[in-house]
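Okay, structure first, notes after.
The values are calculated or read from the model by the stated rules, or taken from the named source; none is laboratory data. Computed from a predicted model, the values in this text were never measured in an experiment. Using ideal geometry, Cβ is built from the backbone for each residue, glycine included, and neighbour counts are taken over all protein chains shown. In case anyone asks, the SASA skips ligands and DNA or RNA and just uses the protein heavy atoms, side chains included. Shrake-Rupley method; radii C 1.70, N 1.55, O 1.52, S 1.80 Å.
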Amino acid sequence: MVAFHASALDGVARNPALPTPLLLRLLAFDCGGDGPSRHALQRAGLPEPAVAVILAHPNPSARIDFAMSTRAEPVQRARLVDDPSPKVRAALAYGPEERDPRTTVMPLPDDVCARLLDDPDPPVRAALLDSPHLAPSFVASLATHRDPAARRSAARAWEELPPGERSALLADPDPEVRRAAALWECRRDARVTAELLRDPKSAAEALRRGLLHRADAERCVAERTHLAVLAENPSLPTDLVEQLAVDPDEAVRLAVSLRPELGETRRMTIDFTVGAFDRGNVEWVRDGLANLEVLRRAATSAHPLLRRTAAQSPHLPPDLMRLLARTEDPLVENLLGVYHPDTPEDVLMRVYARLGGTFSAWMAETHPRFPREGLAARYADHPDGNYRRLAVRDPAATPTLIERLSHDPAVWTRQAAVSDPRLPLHRLRQALHVPELASSAGANPALPEDEMAAVLNRAGVPA
């Protein structure tokens, strides 16, 4: 297949105006053994005839792509639970590998997960237990499952488990299940913590979270055992916290500086260093991203890692949003642009200006509050093509300007213009035959149906 024919076909697969008959042609096409376009398989709102074609597609890769779609309804994907290919069932069990923080992946129904957990193929069962998309109700239901790996996973729902099931997991015949359960129970039982400290596999995690006997804490400080994680422990006695606050190890001092009980004055007297690109993942703040009191403490702190963790909350009230937007911390601005629905336009523009071409810049540009009005007047003649591209976003941009930008020296600007429905039709037809523009032209929702069909014909897609 000629390269630009393939690119145009890829664009048509993304086109929101693609009619169902052409979509069905695309889905039935195996593209030389590579399967249909992933864009066609993972479209939102697939009609039932399209879903039926995918479920029966002879190429397993097509069914795998559908199994991992973030746009398909869980009940649609669940229809693959009896697929003959274990690779397809494993893809269904794990679910979408989604990296967009704004996308919420709905879990499969509990009964479907239960069937996958009883799948005869071990990788399918393992994929399900590794999935980040399981419903809490299902995770909790695993506490009495016959498979030790499932019971081990149930420990993740520790707070939801009834006392009897917790006790059973702590006494489970499988040592890995007992360890997983103990690592949760140790947060309120110093005896369990002491036992875990004797196990090299669990000592560090127990020191981080477990309720400590003072003698165990003193011994670890004296022996300098996992001091950076010990410094995070909520039950660490105050005098030992103060001792670690002046430890010669910078990582230990930084860990102490992040403790939740410290007042702001004491926190900022600790000698710590934070890198310009240290994102911050402070657990007590991360766990409280919906808690206004926690957010206020973190967002008003002078500690960069507390502010950066707070900036990951979509629940920041307006006053804290404004405060963080004024911190002059580029990483805080990046995180606000990714996570918060009301990030100010000027913050989004600064992220875009600073990081054009990166994931953070893309997240800023695709943010619902990214500015649109006035961009054509401001940027159509900007010396930087990355800014000229923004002119296409302006609702006031004329077809004449869009056509002019479709000939821009910068390829990204040309592609943005060619994908805009205001582009005159004659130029849109030309762009379908230009290698670097064919995909953008194919995705243009103003492309007539007969032109879409022609793209499929030229690419050899059977009618």
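Just a few scattered comments:
- For segment 117-135, the set of residues classified as assigned to a helix (DSSP H, G or I) and not acidic (Asp, Glu) consists of LEU117, PRO122, PRO123, VAL124, ARG125, ALA126, ALA127, LEU128, LEU129, listed by residue number.
- Being more than 30 Å from ARG307 (Cα to Cα), open to solvent by less than 80 Å² (accessible area, probe 1.4 Å) and in contact (Cβ under 8 Å) with a residue 12 or more places away in the chain holds for only one residue in LEU207, LEU197, LEU211, and it is LEU197.
- Residues that are within 21 Å of VAL88 (Cα to Cα) and buried (at least 21 other Cβ atoms within 10 Å of the Cβ), drawn from segment 14-28: LEU26, LEU27
- Residue selection: ARG267 fails the criterion of being more than 24 Å from THR193 (Cβ to Cβ) and at pLDDT below 95.
- Given (1) open to solvent by 20 Å² or more (accessible area, probe 1.4 Å); (2) among the acidic types (Asp, Glu); (3) more than 21 Å from ASP172 (Cβ to Cβ), index of the condition ASP119 fails: (1)
- Scanning segment 222-235 for residues that are open to solvent by 10 Å² or more (accessible area, probe 1.4 Å) and assigned to a loop (DSSP other than H, G, I, E, B) yields a total of 6.
- Residue among ALA44, ALA40 that is open to solvent by 40 Å² or more (accessible area, probe 1.4 Å), free of Cβ contacts under 8 Å to residues at least 40 places away in the same chain and out of contact with any strand residue (DSSP E or B) (no Cβ under 7 Å at 6 or more places or on another chain): ALA44
- Filter result (touching a Lys or Arg at 6+ places or on another chain (Cβ under 7 Å), surrounded by fewer than 18 Cβ atoms within 10 Å (Cβ to Cβ) and assigned to a helix (DSSP H, G or I)) within segment 318-346: PRO330, GLU345
- In segment 136-221, counting only helices (runs of 4 or more DSSP H) that sit wholly within it, the ones holding 2 or more residues that are basic (Lys, Arg) span 148-154, 175-185, 203-209.
- Segment 295-313 residues that are of a type in the set (Val, Ile, Thr), paired with ones that are at pLDDT below 95 (beta carbon under 7 Å, 6 or more apart): THR309/GLY280; THR309/ASN281
- Going through (1) within 21 Å of ARG429 (Cβ to Cβ); (2) surrounded by 21 or more Cβ atoms within 10 Å (Cβ to Cβ) one by one, ILE64 falls short only on (1).
- Residue in segment 217-235 that is free of Cβ contacts under 8 Å to residues at least 12 places away in the same chain and within 28 Å of THR327 (Cα to Cα) present: no
- Among all positions in segment 85-95, there is no residue which is among the small types (Gly, Ala, Ser), under 30 Å from GLN415 (Cβ atoms) and touching a residue at least 24 places away in the same chain (Cβ under 8 Å).
- From ALA91, ALA72, ALA52, ALA114, residue being farther than 17 Å from LEU129 by Cβ, open to solvent by less than 50 Å² (accessible area, probe 1.4 Å) and in a helix (DSSP H, G or I): ALA52
- Criterion (modelled with pLDDT of 95 or more and closer than 23 Å to ARG151 by Cβ) met by exactly one of GLU185, GLU218: GLU185
- Counted residues, segment 293-317 - those being in a helix (DSSP H, G or I) and not basic (Lys, Arg): 10
- The set of residues in segment 287-312 that are in contact with a Gly (Cβ under 6 Å, 6 or more places away or on another chain) and among the polar types (S, T, N, Q) contains only THR309.
- Segment 241-273, residues that are acidic (Asp, Glu), under 18 Å from GLU283 (Cα atoms) and assigned to a helix (DSSP H, G or I): GLU264
- One residue alone among THR358, THR398, THR343, THR413 is under 21 Å from the mean Cα position of the chain (by Cα) and farther than 30 Å from ARG297 by Cα, and that residue is THR358.
- Candidates ALA149, ALA127, ALA157, ALA180 - the one that is closer than 25 Å to ASN59 by Cβ and not aromatic (Phe, Trp, Tyr): ALA127
- Residue, nearest to ASN59 (Cα to Cα), within segment 25-44, restricted to residues that are assigned to a helix (DSSP H, G or I) and small (Gly, Ala, Ser): GLY33
- Scanning segment 279-311 for residues that are within 25 Å of TRP362 (Cα to Cα) and open to solvent by 20 Å² or more (accessible area, probe 1.4 Å) turns up ARG279, ASN281, ARG286, LEU289, PRO304, ARG307.
- The residues of segment 136-154 that are small (Gly, Ala, Ser) and surrounded by 16 or more Cβ atoms within 10 Å (Cβ to Cβ), listed by number, are ALA140, SER141, ALA143, ALA149, ALA150, SER153, ALA154.
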